[in-house]
């Protein structure tokens, strides 16, 4: 008899879960991980890639104090790859056990942990909760569900599509993308975002100055829309470039090279660009080099 692979997988998961719960101590339904850490597997997923192999993921997270019933909060976490989570044998067991529990999750899995707040020390979640929220020895319940995982390139496409459809604010989509590029810093100026990759030694711009920019235009998903273009214009004069790029130039100096990200309201708006090269309601970015005109 040939059995359905999905049925076999779900049956095995159920059996493993039942066995692990029957052997555990502590809170009912939780597996004892030691050191006051307990885990409950709430749901098994079968989407791909798994959490460890994903380039990015979205996780629903809920913190609940077990000592103060009124203290809880929930949010949706966007994060880049967890490959950087290195377990060190000489590191205390608190952060190691939390990291191991998280790294064991797959796409679609849901898990609840009960543990002291200090277990978050040095984990990637420590940036989202601190001692202003919970006391260091306070017992908390942490629920996590992996909603989506992405292979390289998919996350930026997801953010662009979600912003076009109004599921995400465009500026929020840009910042989520930039926050999850941990190797590249960025500056935020209102709804305009700048990633410098070369700094010049020239002066800041003055209104009426003749300048040159060498630029390319990209969609947020990385699609290149044009070849390198040289444009000479008078800085400060309206109608020559999109508002977001004009605003970004006020934070740059001659010789700077940067990526400049902006939502559609600072670029091509609700209508999109001529010929619909840039679709409506679409965040974009420019790769630019700022030069002084010799004229």
Point to revise | Residue list for the range 251-266, filter: outside any helix (DSSP H, G or I), more than 12 Å from residue 187 (Cβ to Cβ) and either at pLDDT below 95 or touching a strand residue (DSSP E or B) at 6+ places or on another chain (Cβ under 8 Å) (or both) | key: 253, 254, 255, 257, 262
**Study point:** Matching option when the condition is touching a residue at least 24 places away in the same chain (Cβ under 8 Å) and closer than 25 Å to residue 49 by Cβ, among 150, 197
**Key:** 150
Review point. Can we say residue 248 is outside any loop (DSSP other than H, G, I, E, B) and crowded, with 20+ Cβ neighbours inside 10 Å?
Key: yes
Check your understanding: For the subset of the range 27-40 comprising residues that are exposed (fewer than 15 other Cβ atoms within 10 Å of the Cβ) and not in a strand (DSSP E or B), which member is modelled with the lowest pLDDT?
Key -> 35
Check your understanding: Being touching a residue at least 24 places away in the same chain (Cβ under 8 Å), under 15 Å from residue 105 (Cβ atoms) and in a strand (DSSP E or B), is that true of even one residue in the range 46-53?
Key -> no
Revision key, fill the gap. (1) closer than 12 Å to residue 78 by Cα; (2) over 13 Å from the mean Cα position of the chain (by Cα) all hold for residue 176 apart from (2)
Review point. Has the range 207-214 got any residue that is assigned to a loop (DSSP other than H, G, I, E, B), assigned by TED's automatic domain parsing to the domain that holds residue 258 and crowded, with 17+ Cβ neighbours inside 10 Å?
Key: no
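Scan the range 233-245 for residues that are over 33 Å from the mean Cα position of the chain (by Cα) and either farther than 21 Å from residue 273 by Cβ or part of a loop (DSSP other than H, G, I, E, B) (or both) and report the count.
Here the count works out to 7.
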Point to revise | Check on residue 92, out of contact with any helix residue (DSSP H, G or I) (no Cβ under 9 Å at 6 or more places or on another chain), under 29 Å from residue 180 (Cβ atoms) and at pLDDT below 85 | key: yes
Practice item. Could you tell me whether residue 171 is closer than 26 Å to residue 106 by Cα and outside any strand (DSSP E or B)? Key: no
**Study point:** Members of the range 148-158 found to be part of a helix (DSSP H, G or I) and surrounded by fewer than 17 Cβ atoms within 10 Å (Cβ to Cβ), listed by number
**Key:** 154, 157
**Study point:** Output for the range 219-232, where each listed residue is surrounded by fewer than 16 Cβ atoms within 10 Å (Cβ to Cβ) and either part of a loop (DSSP other than H, G, I, E, B) or free of Cβ contacts under 8 Å to residues at least 60 places away in the same chain (or both)
**Key:** 222, 223, 224, 225, 226, 227, 228, 229, 230, 231
Review point. Residue check: is residue 145 touching a residue at least 12 places away in the same chain (Cβ under 8 Å), in the same structural domain as residue 128 (by TED's automatic domain parsing), surrounded by fewer than 21 Cβ atoms within 10 Å (Cβ to Cβ) and under 22 Å from residue 74 (Cα atoms)?
Key: yes
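The values are calculated or read from the model by the stated rules, or taken from the named source; none is laboratory data. Keep in mind the model is a prediction, meaning the values are calculated, not measured. Glycine also receives a Cβ, built like all others from the backbone with ideal geometry; neighbour counts cover every protein chain displayed.
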